[in-house]
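Report on the following structure.
The values are calculated or read from the model by the stated rules, or taken from the named source; none is laboratory data. Note that this is a predicted model, so its numbers are computed, not measured. Note that we place each Cβ from the backbone using ideal geometry, even for glycine, and neighbour counts take in every protein chain shown. Only protein heavy atoms, including side chains, enter the accessible area calculation; ligands, DNA and RNA are left aside. Shrake-Rupley method; radii C 1.70, N 1.55, O 1.52, S 1.80 Å.
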Amino acid sequence: HAARAVPIPAELQKLKEAFRGKYGQMPLFFACAPGRVNLIGEHIDYCGYAVLPMAIEQNILAAVSVSDSKTIQLANTEPKYKDFTVSVDGISIDRENPQWHYYFLCGVRGIQEHLRLSSLAGMCCMVDGTIPASSGLSSSSALVCCAGLVTMEANQKPLSKVTLAETCAKCERYIGTEGGGMDQSISFLAEEGTAKLIEFNPLRATDVRLPDGAVFVIANCCVEMNKAASSHFNMRVVECRIATKMLAKARGLDWSHLLKLGDLQKELQVSLEQMLELVEEVLHPEPYSRDEICKTLGISTEQLCENILSANTQHATDFKLYQRARHVYGEAARVLQFKAVCDSSPANAVAQLGDLMNRSHASCRDLYECSCPELDQLVDICLQAGAVGSRLTGAGWGGCTVSMVPGERLDSFLQTVREHYYVPDAHRSALEKQSLFVTRPGGGAAIFIEE
């Protein structure tokens, strides 16, 4: 994972000046970690299933100097993100209050614990970013990855990209998000010009060549969603966990150690289609009460709260197990179909991939209920504007859509989406410049040293 000595690009030049203005010295090195767009495979990484993202050119950057000051000083080029200083021996993360610097400290602490470092090098860091916050393009995970990479380099302990990705995926849980590892994996394992199928346990990434003749366009619905600040996300994680246990129990398995819908499939050694049949057979579409879950599993309410619910889902009373499991097994199958189409590239590949994206959005909207009215409206506008496929991307409940658009329709597509979604609304109109853009598969996280 070697650092590259390069002539500093313009974006780093600006950051270098900001660093010098802030700390009165020059940075020793720079780190960058890209955001990502997930093309298909939503809310299934934490169930153990493969996903299909690509890195985008928007990224998080840090300029860093190292000292024996025993403190970590953090500053951000965006004034609304306040400076923060912490002693290297006093790092703590407040999950009740998910501020930007706590995401950075997640990455620092994760690498420190992985390397079992008793102490850390002191650092001055200036952070800059071009990923819109709370947009579903993984700005928070990119910040964690950037911080992990910075900590590795500052303490001169080389780690592989896979180890960095796995460590940064685990440590984002310090802030309370029980994610599955897609965002950190693509941030480190991305390569320019190709999307990746990312599989877990063990973590691996396979190139997926996207078809010629179509481009991917990201459009932000301009509703912000912060996963760590709300319980929607962890509620879905918990519903999938309970569905796993209920299905395992119905099949006479020891359910107590099973946490993921994907692990259950492995244990049963059956196909995704058969898992969908099992869901139809065992689970009912009406929401489950705590009582019914406890009775079926033969546990007390205390055991449910202690062993199964997460910290911010303790209040939950109703659980839609059937819908969540149906989404996960269906979506896992769509990811594999998407890759198969890319690999075999039939004449109608673009239409087939578009159809899979549309079915993914319908499942996210109707079964997983992680969309919102603005996302649904934006998806409809994108399809009317000429996209062959359009869907929410990222956790949902706000943030971005990704649309697959035939190259020859691109200009009219952008024009129509602008006129119908952004122009009529003053708030959206003001954000349009950074909210609607074509994206191509970018490279992964890196360290730069000025020549």
*Going by the structure shown, is LYS196 in contact (Cβ under 8 Å) with a residue 40 or more places away in the chain and open to solvent by 10 Å² or more (accessible area, probe 1.4 Å)?*
no
_Matching residues in segment 44-72 - criterion: being over 21 Å from MET152 (Cβ atoms) and either assigned to a helix (DSSP H, G or I) or open to solvent by less than 10 Å² (accessible area, probe 1.4 Å) (or both)_ = ILE44, ASP45, TYR46, CYS47, VAL51, LEU52, PRO53, MET54, ILE56
*asked:* Among the residues in segment 363-375, are any out of contact with any Lys or Arg (no Cβ under 7 Å at 6 or more places or on another chain), at positive phi and open to solvent by 10 Å² or more (accessible area, probe 1.4 Å)?
replied: yes
*Which pairs do you get when a residue that is under 23 Å from ALA349 (Cβ atoms), found in segment 403-429, comes within reach of a residue that is loosely packed, with under 12 Cβ neighbours inside 10 Å, reach meaning Cβ atoms under 6 angstrom, with the pair 6+ apart or on two chains?*
GLY407/GLY213
*Any residue at all in segment 311-320 that is of a type in the set (D, E, K, R), at negative phi and surrounded by 18 or more Cβ atoms within 10 Å (Cβ to Cβ)?*
yes
*Is it fair to say HIS101 is buried (at least 20 other Cβ atoms within 10 Å of the Cβ) and out of contact with any strand residue (DSSP E or B) (no Cβ under 8 Å at 6 or more places or on another chain)?*
no
*Inspect segment 430-445 for any residue being surrounded by fewer than 23 Cβ atoms within 10 Å (Cβ to Cβ), among the basic types (Lys, Arg) and either at pLDDT 95 or above or more than 17 Å from SER134 (Cα to Cα) (or both) and give the result as yes or no.*
yes
*So how many residues does segment 245-262 have that are in contact (Cβ under 8 Å) with a residue 40 or more places away in the chain and open to solvent by less than 50 Å² (accessible area, probe 1.4 Å)?*
6
